[in-house]
Number of protein chains: 2
Amino acid sequence: MHTRKSVRIGRDTRQRRAILEVLRKANGPLTPSEICRWARRRVPSLGIATVYRHLRVLTAAGLLRRVELPGGSARFEWGDIPHHHHFLCRRCTRAFCTSSCRRRLIEAVPRGFKVESHEVTLIGICRQCFHRRKQPRPG
Amino acid sequence: MHTRKSVRIGRDTRQRRAILEVLRKANGPLTPSEICRWARRRVPSLGIATVYRHLRVLTAAGLLRRVELPGGSARFEWGDIPHHHHFLCRRCTRAFCTSSCRRRLIEAVPRGFKVESHEVTLIGICRQCFHRRKQPRPG
DNA sequence: ATATGTGCAAACTCTTTGCATGGAG
DNA sequence: CTCCATGCAAAGAGTTTGCACATAT
């Protein structure tokens, strides 16, 4: 594990390794409870508070990125993947990464306002939900 | 007050009038607590639960629209204004309407996924926060 | 050995719900 | 007069914090 900026990210524990491995294998940003549910396969005693603590520290260090999509909890994804957007399934509420941002996004904003970043969320139905009746498990 | 679809929206009370008037005068979508705070100028006894109940009914009836922006509570705005996006001030967390969506927004999504709607949020600093030191009141 | 991490439970915030009373129709 | 709406309080969900014990370094 390497920190880019020599930022304090604390000790290398089983819990942290489990959390990072879940996120490394995910195909989109995950919520804290999703992360906890999956990481418990490796560390069954893992508490949700520990997940929140790691997510906060690792996000501050730049190793993870916080993604806020409409509707639910904040989600977390690997921090060094290039700029892109997300697809949020209205039915199962899972989020998926889209391909990178292709077009210049220029929105008129009032004079004097400073745009520092933007978030694009596409909302609809994912392929699995389109074909299935039951709500699939996250992951 | 006219309902478009003859949908049940319930009685015309002081509380409802106060909530709708706050939203009619707002320059952007407001959170339930912002709406409650402002509507209490007209109806001091107004409870937050009543605000939530009206917002749910009026949104279901199409009179209001629910706007989910990154970071906080859902926000509500008048339902019949044309398609547009929002500017969210990172500092005071107030949301403002931008001018309408000028460009076609085409994002590549995985095959089989159905895009039904999208949300664009621009994040940055609003003019007041850029010039002021203190967090301004919502509204 | 020592300082940090962990799990549990409690605190907190946001939102919803149950219930007795108030008020619109 | 009859329901529906209201306000309060309690119940739930999601997130944070305090504390005693466990553990990485």
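The values are calculated or read from the model by the stated rules, or taken from the named source; none is laboratory data. Just so you know, these numbers come straight off a predicted model, no measurement behind them. Cβ placement follows ideal geometry from the backbone for every residue including glycine, while neighbour counts extend to all protein chains displayed. To get the accessible areas, we keep the full protein, side chains included, count just its heavy atoms, and leave off ligands, DNA and RNA. Shrake-Rupley method; radii C 1.70, N 1.55, O 1.52, S 1.80 Å.
Summary table below
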quantity: Some residue of the stretch A:106-120 being away from DNA strand C (no atom under 16 Å from the Cβ), modelled with pLDDT of 95 or more and under 19 Å from the mean Cα position of the chain (by Cα); calculated: no
quantity: In the stretch B:26-57, residue surrounded by the most Cβ atoms within 10 Å (Cβ to Cβ) [restricted to those that are in contact (Cβ under 8 Å) with a residue 24 or more places away in the chain and among the basic types (Lys, Arg)]; calculated: B:Arg37
quantity: Residues located in the stretch A:51-85, provided they are charged (D, E, K, R) and within 13 Å of the chain's Cα centre (by Cα); calculated: A:Arg56, A:Arg65, A:Arg66, A:Glu68, A:Arg75, A:Glu77, A:Asp80
quantity: Positions within the stretch A:14-25 being touching a strand residue (DSSP E or B) at 6+ places or on another chain (Cβ under 9 Å) and open to solvent by 20 Å² or more (accessible area, probe 1.4 Å), in sequence order; calculated: A:Val22, A:Arg24
